[in-house]
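Single-structure report; data block below.
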Amino acid sequence: YKVDFFADNGYRVISLAYRSIDELPSIKNKREERKFIESELTYIGFMVIYDPPRPGAREAVAQLDSAGIFPIMITGDSINTATTIAHQVGILDGDEIVTEGRLASVLSDDEFFKVSVFARVSPQDKETIVARYQLRGDVVTMTGDGINDALAISKSDAGVAMGITGTDVTKESADLIITDDSFISLVKGISEGRNLFEKIRIMIFFYLTINLAEATLYFITS
């Protein structure tokens, strides 16, 4: 009950447990070794961490929505914690879905493309999420800071790494690096990029129109 209470209020819950082992087992398979060590644990308790959304995050998400960009939260937190934070920043709407990352590969298209929050996500799940959106023909931008984000960032159309907290592996995999680690800066960058693209397009149309008029006048007088 207490765990659910804190998770529903946006806290990250970390459970603590232990197991007494006299010596490590001689298991060459790392997955089996981890499974052995993490079995028959004695639960100690839990601790909570509160990491509130940054000021301006909700406004930034609203700007993305108005610009035709669909923001998706991909996190390792529990579903309850992720759902609360997604509501706080405006990512989760009434008709959208929250699910675990392990289901990304088995959901139908109708269900998958309604998901705006993926919780309990592994690095392989992130790659699957990026690939399914690209398969539909979408342009995908992936942001992250940890080593477990590097694979999905490299697979995305525009990989974005955090400049302060980002690991070297993530930065090397990314196309862009945000120097202040701010999601708001990313939104501003998109706005500036679109303005620049629009200005370039206007100039191209202008010169094409002028050249077409000159060519028409030249052929008529000839």
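Here are the numbers for the structure shown:
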{"read-out": "Neighbourhood charge, 12 Å Cβ-Cβ cut-off, centred on Ile85 and excluding it, Lys, Arg +1 and Asp, Glu -1", "value": "0"}
{"read-out": "Surface accessible to a 1.4 Å probe, Tyr11 within the full protein complex, Å²", "value": "70 Å²"}
{"read-out": "Heavy atoms of Glu111 accessible to a 1.4 Å probe, total area in Å² rounded to 10", "value": "90 Å²"}
{"read-out": "Solvent-accessible area per residue, Å², over the range 76-222 with all protein chains present [probe radius 1.4 Å]", "value": "60 Å²"}
{"read-out": "Under-19-angstrom lysine pairs by C-alpha in the range 121-217, whenever the two are 8 or more apart or on separate chains", "value": "4"}
{"read-out": "Cβ-based net charge around Ser182, under 11 Å, with every Lys or Arg adding one and every Asp or Glu removing one", "value": "0"}
{"read-out": "Förster radius 22 Å - calculated FRET efficiency between Val139 and Ile97, Cβ distance, rounded to 0.05", "value": "0.50"}
{"read-out": "Pairwise FRET efficiency - Val106 versus Asp22, Cβ, R0 = 41 Å, nearest 0.05", "value": "0.50"}
{"read-out": "Percent of beta bridges antiparallel (DSSP, the chain, rounded to nearest 5)", "value": "35 percent"}
{"read-out": "Span-rule helices in the chain, defined as complete DSSP H runs reaching 30 Å or more along the axis (Cα) with Kyte mean at least 0.5", "value": "183-221"}
{"read-out": "Debye, to nearest 20: dipole size of the range 89-165, +1 on Lys, Arg Cβ, -1 on Asp, Glu Cβ", "value": "240 debye"}
{"read-out": "10 Å Cβ shell holding at most 16 others, DSSP loop, trypsin sites (Lys or Arg not before Pro): longest site-free stretch of the chain", "value": "137-222"}
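The values are calculated or read from the model by the stated rules, or taken from the named source; none is laboratory data. Everything numeric here is computed off the predicted structure, so don't read it as measured data. All Cβ positions, glycine included, derive from the backbone under ideal geometry; neighbour counts span all protein chains shown. Side chains are part of the model used for accessible areas, which takes the heavy atoms of the whole protein and leaves out ligands, DNA and RNA. Shrake-Rupley method; radii C 1.70, N 1.55, O 1.52, S 1.80 Å.
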